[in-house]
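The values are calculated or read from the model by the stated rules, or taken from the named source; none is laboratory data. Bear in mind the structure is a predicted one, so any value in this text is a computation, not a measurement. Don't worry about glycine lacking a Cβ; one is built from the backbone with ideal geometry, like all the others, and counts go over all protein chains shown.
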Amino acid sequence: MRKLAKSAVLGAVTISALIGAAGAASADTGPLYAQHTASANGSGATSSGVLSTAGSPGYNGQDSTGPSYIRTWQYAGAGYADSDVTRTGFNDQGQAYYVHGLQYAGPNGASSSWTASRS
């Protein structure tokens, strides 16, 4: 479980860094809003972020043609770890997309749920 908690924290830091890099990469393509929060204490660690931009960072590393929105939240503690991500925007072919994922791992098991759609 300790390795899982460390992995979740590392994932939170990685996702936060990616949001920051996406914001920097898209800063010259239009208006941008980015917010990030991280905290840690004796009970666990949490990280969350929002990126909204008129010049999208794209989907799955592809270029994009329109606005996008990304929201992430991660938590890792002694008893469990979970994450939540929502991403919307347009891919490089101008198709609208929506992705939402939830992941959880704890002493009674693990689960993962994803919803995705594209026009």
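List of remarks:
- If only residues of the stretch 99-115 that are out of contact with any Phe, Trp or Tyr (no Cβ under 7 Å at 6 or more places or on another chain) and of a type in the set (Gly, Ala, Ser) are counted, the one that is surrounded by the fewest Cβ atoms within 10 Å (Cβ to Cβ) is 109.
- Residues of the stretch 64-119 satisfying the condition of being of a type in the set (D, E, K, R) and either part of a strand (DSSP E or B) or under 30 Å from residue 43 (Cβ atoms) (or both): 71, 82, 84, 87, 118
- When residues in the stretch 81-97 are screened for being under 13 Å from the mean Cα position of the chain (by Cα) and modelled with pLDDT under 95, 2 of them pass.
- Within the stretch 77-98, considering residues that are hydrophobic (A, V, I, L, M, F, W, C) and surrounded by 18 or more Cβ atoms within 10 Å (Cβ to Cβ), the one farthest from residue 38 (Cα to Cα): 90
- Per the listing 47, 39, the residue uniquely in a strand (DSSP E or B), under 12 Å from the mean Cα position of the chain (by Cα), at negative phi and at pLDDT 95 or above is 47.
- Members of the stretch 15-36 that are modelled with pLDDT under 75, over 25 Å from residue 82 (Cβ atoms) and surrounded by 13 or more Cβ atoms within 10 Å (Cβ to Cβ): 25, 26, 27, 29
- Residue match in the stretch 71-80 (condition: polar (S, T, N, Q), under 24 Å from residue 116 (Cβ atoms), at pLDDT 95 or above and touching a strand residue (DSSP E or B) at 6+ places or on another chain (Cβ under 7 Å)): yes
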